[in-house]
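A short worksheet on the structure shown next.
The values are calculated or read from the model by the stated rules, or taken from the named source; none is laboratory data. Remember, predicted model here, so these are calculated numbers, not experimental data. No Cβ is skipped: glycine too gets one built from the backbone with ideal geometry, and neighbour counts run over all protein chains shown.
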Amino acid sequence: MSKNAEHSRDMEEWADRIRKVSTAHDPKAARKLADDIYRAAQEDLDAERARAELEREE
């Protein structure tokens with residue numbers, strides 16, 4: 001699967017979750033979604049930093 005196709009699939013999953021939370025009256029669901037988004041973004045940044053560090057070392 002290409003990086004763009006994977007990104008599009010991931011974005012659709014996030015969009016679906018946002019739609020579900022926006023129609024729910026569950027503050028815990030919104031908090032969980034925010035936490036998951038933050039964690040996923042942090043993991044992406046960490047991976048990007050690791051790739052950049054590896055490239056600098058080469």
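For the reader, a short list of remarks on this structure follows.
- Residue within the range 20-37 that is modelled with pLDDT of 90 or more and among the hydroxyl-bearing types (Ser, Thr, Tyr) present: no
- Residue count for the range 14-58, restricted to those that are surrounded by 11 or more Cβ atoms within 10 Å (Cβ to Cβ), in a helix (DSSP H, G or I) and not basic (Lys, Arg): 11.
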